[in-house]
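The values are calculated or read from the model by the stated rules, or taken from the named source; none is laboratory data. As the structure is a computational prediction, the values presented were derived from the model and not from experiment. Here the Cβ is made from the backbone with ideal geometry for all residues, glycine too, and neighbour counts use every protein chain on show.
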Amino acid sequence: MHDEDFCCAVCLDFFIEPCIIKCGHSFCHLCIESQLNINEKCPLCRAHTGNPIRNRQLESLTMSYVSSRNLSGAYYERMKLNQKKLIHQKKALLIIWTELSDKPGHSTELSNLNIQDEELKSEIRWQVRQQVGVGLEHIGDLETETVTIRLKTSRQ
Ligand SMILES: [Zn+2]
Ligand SMILES: [Zn+2]
């Protein structure tokens, strides 16, 4: 068995909470969720993804492989980090979409979101940037507080 058998094609590192998609390819939960926010295609074969399903067999195989190579410490650190990122990602998306669908004209300024958490704020910027052209657009510099974020299909 080789390292690459247990590596995700997106992050090129050992699978963390691997999920399998319709075409049969597996990726880390965080990696495929991030991909799904951009488009719904498999990063490897471009097939439509469908809903990712937790691949528990691959997860336990990866874990035993990692521990057989004495790499568990770094692996669990990455796992914690990925879980934190996933939570931030979900929070950021939830804030963006609920905020925009509630607002007349479906637009809002970043400063109106009133977020104190810098990490969450940068995740929101990242998500907006990722979804420009897909569902969102912004007016102004995304790095400033006065940037306006809006739904691409906003009706006047
Ligand atoms: Zn990955
Ligand atoms: Zn695929």
Quiz item: Among the residues of the range 46-55, is there at least one that is within 13 Å of ligand 1 (Cβ to nearest atom) and either loosely packed, with under 15 Cβ neighbours inside 10 Å or assigned to a loop (DSSP other than H, G, I, E, B) (or both)?
Solution: yes
Exercise. Return yes when His106 is at positive phi and either in contact with a helix residue (DSSP H, G or I) (Cβ under 8 Å, 6 or more places away or on another chain) or in the same structural domain as Cys23 (by TED's automatic domain parsing) (or both) and no when it is not.
Key: yes
Quiz item: When the residues of the range 1-35 are filtered to those that are more than 11 Å from ligand 2 (Cβ to nearest atom) and surrounded by fewer than 15 Cβ atoms within 10 Å (Cβ to Cβ), which remaining residue is nearest to Gly135 (Cα to Cα)?
Solution: Leu12
